[in-house]
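Everything below concerns the one structure shown next.
The values are calculated or read from the model by the stated rules, or taken from the named source; none is laboratory data. Fair warning: this is a prediction, and the values are worked out from it, not measured in the lab. We place every Cβ from the backbone using ideal geometry, glycine too, and count neighbours over all the protein chains shown. Accessible surface areas use protein heavy atoms only, side chains included; no ligands, DNA or RNA. Shrake-Rupley method; radii C 1.70, N 1.55, O 1.52, S 1.80 Å.
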Amino acid sequence: MKNLVWLASYPRSGNTWFRIFLSSLFSGNLRGKNLNMLEVDMIANSRMMFDELTGLKSSEMTMKEINNLRPSVFKMLSDQISEPCYLKTHDRFFLNDDGLPVFPPENSMGCVYIIRNPLDVAVSNVLYFNRFVDEVISNMNCPDNSMHVSTFNLYPLLEERMGTWSEHAESWLRSGNSIHVMRYEDMVRNPFATFSATLEFLGLHFTDAEILQALSETSFENLKKSETEHGFKDKLQSSDAFFRNGKPGSWETVLTEAQIERITRDHHDVMARFGYIA
Amino acid sequence: MPQQYFYYKAFGLTFKSCMEHPGFIVENETASPDCTISFGTVPRKLSGYGRIQAEGSKTGGQFLLKIKNVGRYLVANGESITIEKAPEATDRDVLLFLWASAIGALLHQRGMIIIHGSSIKTGEHAVIFSGTSGSGKSTIASAFVSENEAQIISDDISAITIAESGIPVVVPGYPLIKLWRDSSEKLLIEWDDTMLIRESVNKMIVKIGDRFASKAVPLSQFYLLSYKNSGPPAISEITGYKKLELLMGKIFRKKFVWKMEAGPVDVFMDASAILPYVRVCTLERMYGIAYLDETIAMIENDLRQAEIL
């Protein structure tokens, strides 16, 4: 059954915001504005989901073995539900060792791909993950770039393979999925039209008033306020806050000329394709 | 040459095994073991899902587990496990999936209640630390045992049977515990690459020795470990319907059990049988070894208040 919807993005691109927006729409409100009880809360890389559905212990398996089983896991999930299921992922679209897509097309309803100017992605990743700017820029151009690699201890999420920022976007675009791209900058500058177009792509029908209310509830200020009051479980232990600044254009005051040039050179084609450079 | 067999005691059962299980409690040879583990031909398919298949009922039936490059395991009627080993598999890999998943299925088939959690014995009480992978079950159990007059009953999966008196008891599993590198270093257990659970996974098997409980212990306390991303740990006692709901959620691999046709009713009955005898608390903490000493002190204090320690 084709009922899985992938909410895919490079980390720190607006994926969580969209997930919270959908939760607000589906539940009618944000349940007392607590972000820790979201309606749309499934993560494609959940270790718990893998372990629950397979009866295996992912903590004792290699990522090669896990990725070989993930298509079956998504098939099981798809078989067990009747409604569409929205799954967040920072993985790029890739084939496992058996040559099968980890995100199986036969169970995919489509993909919402959220993209953000890599100059701002770099800044947000630096501040959120407490890394050096040049290290983040190198990672964003490294084909093996991944997160949650369990070497010294175990992460609650399975390893996410991002690859390079450009390849991440291109892999989903050529995945064969029905795909809808949302630019973070449009989500910020023109939220009603941008979010409404995505809802239309997903076949979800809400009134203008409902959409406006969900946008108001999930405004950056409200999300930041909620995180301050209740905390947010998706925040990393090592980070100060999940919702940091939210405004496009931080790169202009943070990155050096050389760093800007390096990112622009590394990702020129995809940046041009999505209007980030002329 | 005839097949050599080894005899072991685990989960209150006698296993006759074609494989040597280093560190297990050795049992005398017997003509009537509870379970026989042998090499043989295993079918590629029962029915249903891709590589992970189960059919049958909770007591009895068949469960097929297939792991590429490791092997296929057929668990039947709570009495036998047949292994068809992949040519490239190491014994260590074959044993690992046997201990966790195949024997977990076998215990289900025998009607035991399985909780995804590590258990310890303190006085005449069993305490279970349950939670998802990475939540610190083994780390907390090990740290608690090293700080107190306590013993490990079982690591990672805890099997409960109902004694004739109606009291739920936790039966001893294997005298081994599996730790990630950060935990072993925190607990001053020397890291040894030869004890890695697999060559490719950075988790080590530690032999428990005399800190292993040899007899079944009545279950008194259940902690559900959950994640918080900042600040010190917090314990809250759960009562009423929430207590039942929480226990039902932790009966090992719920969906995995349901595919074996033990439906929600069985899980409800299992949880209901335990409910009157066990105090249930949530224990919220940061993952890893952050605040570990504070966590142990808080558990000790909580158990003292409940007159368990």
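Here the contact order of chain A, divided by its residue count and restricted to Cα pairs under 8 Å and six or more residues apart, works out to 26 percent. In the range A:108-157, the residues that give up 30 Å² or more of accessible area when the other protein chains are added, compared with the chain on its own (1.4 Å probe), are A:THR151, A:PHE152, A:ASN153, A:LEU154, A:PRO156. Stokes-Einstein at 37 °C, 0.692 mPa s, Kirkwood radius from Cα pairs: D for the range B:6-109 in µm² s⁻¹? Approximately 238 µm²/s, per Stokes-Einstein. Taking 7 Å steps out from each Cα toward its Cβ at B:ASN148 and B:MET248 produces label points 3.0 nm apart. Working from label points 7 Å from Cα in the Cα-to-Cβ sense, the A:GLU229 to A:PHE129 distance is 3.2 nm. Beta-bridge orientation, chain A: approximately 20 percent antiparallel, per DSSP, counting only bridges with both partners inside. A straight line joining the Cα centroids of the range B:171-205 and the range A:186-253 runs 42 Å. State whether chain B is rounded, prolate or oblate according to the following rule on the C-alpha gyration tensor (a ≥ b ≥ c being the square roots of its eigenvalues): a/c under 1.5 gives rounded; otherwise a/b larger than b/c gives prolate, and the remaining case gives oblate. Here chain B falls in the prolate category. DSSP beta bridges fully contained in chain B are about 75 percent antiparallel.
Residues of the range A:240-278 falling in the label zone of A:ALA193, defined by backbone nitrogen less than 20 Å from a point 7 Å along Cα to beta-carbon, are A:248-249, A:273-278.
Within 10 Å of the Cβ of each residue in B:133-142, the mean number of Cβ atoms contributed by other protein chains is 3. Residues considered: B:LYS242, B:LYS16, B:LYS121. Largest GNM mean-square fluctuation over chain B, using C-alpha springs under 10 Å, is found at B:LYS242. Look at the Cα gyration tensor of the range A:165-278: its axes a ≥ b ≥ c give a/c of at least 1.5 with a/b at or below b/c, and that counts as oblate. Its Cα gyration tensor gives the protein assembly as shown an equivalent ellipsoid. The semi-axes, each the square root of 5 times an eigenvalue, are 43, 27, 24 Å from largest down.
Efficiency by 1/(1 + (r/R0)^6): what FRET value for B:ASN77 and A:THR151, r their Cβ-Cβ distance, R0 = 51 Å, to the nearest 0.05? Calculated value: 0.80. Computed on the range B:6-109, with alpha-carbon pairs under 8 angstrom and 6+ residues apart, the relative contact order is 21 percent. Normalised per residue, the accessible area of the range B:113-305 is 39 Å², obtained with a 1.4 Å probe and no contribution from ligands, DNA or RNA. Comparing A:GLY163, A:GLY55, A:GLY28 in a Gaussian network model of chain A, where Cα atoms under 10 Å apart are tied by springs, the biggest mean-square fluctuation is seen for A:GLY55.
Overall, the accessible surface of chain B at a probe of 1.4 angstrom is composed of carbon and sulfur to the extent of 50 percent.
Computed from the C-beta positions of A:ILE277 and B:TYR241 and an R0 of 60 Å, the FRET efficiency is 0.55 to the nearest 0.05.
Given +1 at the Cβ of Lys and Arg, -1 at the Cβ of Asp and Glu and no other charges, the dipole of chain A around its Cα centre is 240 debye to the nearest 20.
Subtracting the Cα-Cα distance of B:ALA273 and B:ARG211 from 0.36 nm times their residue separation leaves 19.5 nm of extension gain. The GluC sites (Glu not before Pro) found in the range B:98-162 that occupy coil by DSSP, while having at most 16 further C-beta atoms within 10 Å, are B:GLU124, B:GLU149. With the convex hull drawn around the C-alpha atoms of chain A, the volume per residue stands at 132 Å³.
Comparing B:GLY117, B:GLY288, B:GLY104 in a Gaussian network model of chain B (Cα springs below 10 Å), the most mobile by mean-square fluctuation is B:GLY288.
Here chain A is scanned for chymotrypsin sites (Phe, Trp or Tyr not before Pro) in DSSP loops (not H, G, I, E, B) that have at most 12 other Cβ atoms within 10 Å, and the longest stretch holding none of them is A:1-131.
In this calculation the C-beta distance from A:ASP208 to B:SER226 is compared with R0 = 45 Å, giving a FRET efficiency of 0.70. Annotation for A:ARG265 and B:GLU284: the two label points, set 7 Å from Cα along the Cα-Cβ direction, are 4.9 nm apart.
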